[in-house]
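Beneath this line is the structure, given in structure tokens, with notes to follow.
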Amino acid sequence: MSLVQQRRGYFGEFGGSFVPPELQEALDYLEEQFLKYKDDQEFNDEFKFYLKENVLQNA
């Protein structure tokens, strides 16, 4: 059996999403936002700033 993705969220004969349908909309939105901002340099610079200032200093 191949692990090649056949259609969004499904792998092989038995694959699929393992979350309740009620959560799928939220996960789809999260994926959409991740893809939108993952390569945005301004966003990543601001994220790193807040990570350093708020998380790493309190560790």
- request: Being at pLDDT 85 or above and loosely packed, with under 10 Cβ neighbours inside 10 Å is the filter here, so list the residues in segment 8-30 that pass it.
  value: Glu22, Glu25
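Return the total of residues in segment 31-47 being assigned to a helix (DSSP H, G or I) and either exposed (fewer than 11 other Cβ atoms within 10 Å of the Cβ) or of a type in the set (S, T, N, Q) (or both).
Of all residues in segment 31-47, those assigned to a helix (DSSP H, G or I) come to 31-37, 41-47.
Checking the rest, the ones that are also either exposed (fewer than 11 other Cβ atoms within 10 Å of the Cβ) or of a type in the set (S, T, N, Q) (or both) come to 32-36, 41-42, 44-45.
Total meeting the criteria: 9.
The values are calculated or read from the model by the stated rules, or taken from the named source; none is laboratory data. Here the structure is a predicted model, which is why all the values come from computation and not from measurement. Counting neighbours? That spans all protein chains shown, and the Cβs are built from the backbone with ideal geometry, glycine included.
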